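The values are calculated or read from the model by the stated rules, or taken from the named source; none is laboratory data. None of these values were measured; they are calculated from a predicted model. Using ideal geometry, Cβ is built from the backbone for each residue, glycine included, and neighbour counts are taken over all protein chains shown. The area values use the complete protein model at the heavy-atom level, side chains included, leaving out ligands, DNA and RNA. Shrake-Rupley method; radii C 1.70, N 1.55, O 1.52, S 1.80 Å.
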Amino acid sequence: FLQTGGQGCSAAMAHHTKGSHCPGMTDAEYRTEFSIWSLTQSPLIVDTDVRNMTAVMKAALLNEEILEIHQSTDTPPGEFLAYWPCSEPTRCQVWGRKLNESAWLVALTNLGRKAHKISLDFSHLDWTKSDRAVPRDVWAHGFLEPAVGAFTSEVASHDTTLVILAKNDN
């Protein structure tokens, strides 16, 4: 399960943490934990005063698109698909959950100390190199440039790019 929020930390502890979050998580780390939580359909415990949430907490906990995918039982939970070979071994990861015959929820996760370009080769989805997909950024609620054979994103340190890849036969 995912415990998120961290409400209840002492003022002294909060003073020594990165940013305004307790227990010291950055916005990128909140997005990463929530992305993997949604993809794997893990239970959630909200451990914060919901009357006093930060902007990233609201973006996560009130993101209807992510919540709808998480709550759907039409397909099995997602899983780790592959490591992407970046300069920090095992720190660049690809996770995925098949949503239907032509769409996947994909998380490109960077657990490293610096930004990395991370790619998902469509072969991990049982698609071909000629398959074309339209990525939808689930955090930004917008479509990205179509991808053919692979999807690549520049991912900041400790952050995750979360997209729905929908195969487009056109």
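Cross-chain or 8 or more residues apart, Cα under 23 Å: how many lysine pairs in the chain fit that? Count them up, please. List each step's numbers first, then the result.
On the way: LYS18/LYS58; LYS18/LYS114; LYS98/LYS117; LYS98/LYS129; LYS98/LYS167; LYS117/LYS129; LYS117/LYS167; LYS129/LYS167.
The number of close lysine pairs in the chain is 8.
What are the ³J(HN,Hα) couplings of the range 143-148, residue after residue, when phi is run through the Karplus curve with 6.51, -1.76, 1.60 and θ = phi - 60°? Round to Hz, x for glycine and proline.
Once rounded to whole Hz, the list reads 8, 10, 4, x, 10, 10.
If amide H atoms are built 1.01 Å from N in the plane of the peptide, which residues on other chains or at least 5 residues away come under 5 Å of the amide H of ALA82?
HN-HN under 5 Å from ALA82: VAL94.
Relative to the longest principal Cα axis of the chain, at what angle does helix 27-40 sit, 0 to 90 degrees, rounded to 10?
60 degrees
Percent of accessible area on the range 51-170 owned by carbon and sulfur, 1.4 Å probe? Mind showing how you got there, number by number?
Values: 3320 of 6510 Å².
Summing carbon and sulfur atoms, their accessible area is 51 percent of the total for the range 51-170.
Quick one: compute the contact order of the chain, relative version, from alpha carbon pairs under 8 angstrom and 6+ residues apart, as a percent. Write down the numbers at each step before the final one.
Details: 342 pairs, mean separation 33.2, N = 170.
Worked out over the chain, it gives 20 percent.
Of all beta bridges DSSP finds with both residues in the chain, what is the antiparallel percent, to the nearest 5?
Values: 35 of 38 bridges.
Rounded to the nearest five, the antiparallel share is 90 percent.
Please give the calculated 222 nm ellipticity per residue for the chain, where each DSSP H segment of at least 4 residues contributes -39500 (n - 2.57) and the sum is spread over every residue; nearest 500 deg cm²/dmol? Walk me through the numbers on the way to the answer.
Details: 4 runs with 34 residues, N = 170.
Here the helix-only value at 222 nm equals -5500 deg cm²/dmol.
Place +1 on the Cβ of every Lys and Arg and -1 on the Cβ of every Asp and Glu in the range 79-170, take the dipole about the Cα centre, and give the residue among SER153, HIS124, GLY142 whose Cα lies farthest towards its positive end.
Among SER153, HIS124, GLY142, the one farthest towards the positive end of the dipole of the range 79-170 is SER153.
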